[in-house]
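In what follows, a single structure is set out as structure tokens and then discussed.
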Amino acid sequence: MDLKQALAERILVIDGAMGTMIQRHKLEEADYRGERFKDWHTDVKGNNDLLCITKPEIIIGIHELYLEAGADIIETNTFSSTVIAMADYDMQSLAYELNVAAAKCARIAADKYTALNPAKPRFVAGAIGPLNKTLSLSPDVNNPGYRAVTFDEVVAAYYEQIGGLVDGGVDIILIETIFDTLNAKGAIFAVKKYFRDKGIPELPVMISGTITDASGRTLSGQTLEAFYTSVMHANPLSVGLNCALGAAEMRSHIEELSSIAACHTSAYPNAGLPNAMGEYDEQPHETAHFIEEWAQQGFVNIVGGCCGTTPDHIKHIAQNVQHLKPRPLPVLETAL
């Protein structure tokens, strides 16, 4: 069964937070470094993507927990695996290797669970994060025209990342947590260019934006409809929302997206809004209740969790949507 066939038959479940699960291991600097980087000249604690090389067994274990909970799609641990983001640790040269290693970790776990139940195939989504530099906004309040990065640099960084993910064996390219659509356009351009250059069939692309507050806009100022219109030229498998908001706050935006999207829709909210300590208190059954209602209303095709969500959240979500029908794709009018 391929991905599109699975989407036609049921609501698919994507995994939950990677960072939340890594935190449970209470890793120290030495754990991140491993033997290979024990003499690295900067601190690397917090570089979660590096664990795909230094502690792959932890990453594979987290993937397996989400698969055991019922996830159909697992994301690679590559949110920051670009030359731009890795500059924080002076590890730009590792970008390609990190993506290959992360894809292989996820591939091992997904293939294991597909073999256990071939009727429920598991898919690996190569996660492409938004970068820590933005093309639409200036980091200097005194110089609004200044940009810390160029479009060509963004495209080059994403191009290298895509190459590592594809070589590592992913099934999907997931451009996620988009707060700046221009960065996302750089990623889309890099995807198209990569597959064109290599002369190989393009992998399905999932696109997931982030509505940052009650205004209903992305951080760079777009409305949801404007964001959707800006990325549809990519002919994505799905367009959706993740992060920033809990399910309660995300509902109206998911309803709007479901009414305009010509493709599948996805939604993976945070476990509510963070408390005063920056932690997430929404319980698994609460998150699942919200998402079940979205599914009953016919808003979604792919659901899961973002910050603060755990395998227990994913288990409850999977159970609550397993008997509900996926959102039917709209029938588009064609010009005569």
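The numbers here are math on the coordinates, done by the rules we state, and not lab data. Keep in mind it's a predicted model, so treat the numbers as computed, not measured. When we count neighbours, we look across all protein chains shown, and the Cβ atoms used for this are built from the backbone with ideal geometry, even at glycine.
Observations
- Karplus-derived 3J(HN,Hα), 6.51/-1.76/1.60, for each residue of region 288-295, Hz, glycine and proline x: 5, 5, 4, 5, 4, 5, 4, 5
- P(r) tail, region 1-122: Cα-Cα pairs separated by more than 18 Å, 54% of all pairs.
- The chain: C-alpha pair distances exceeding 37 Å, %: 11 percent
- Candidates Ala214, Ala244, Ala127: whichever shows maximal mean-square fluctuation once the chain is modelled as a Gaussian network with Cα springs under 10 Å: Ala214
- Residue exposure sequence - Thr181, Thr20 - by fewest surrounding Cβ within 10 Å: Thr20, Thr181
- Fraction of antiparallel bridges per DSSP, the chain only, in percent to nearest 5: 5 percent
- Per-selection Rg to Rh, region 194-336 - Cα, Kirkwood hydrodynamic radius: 1.00
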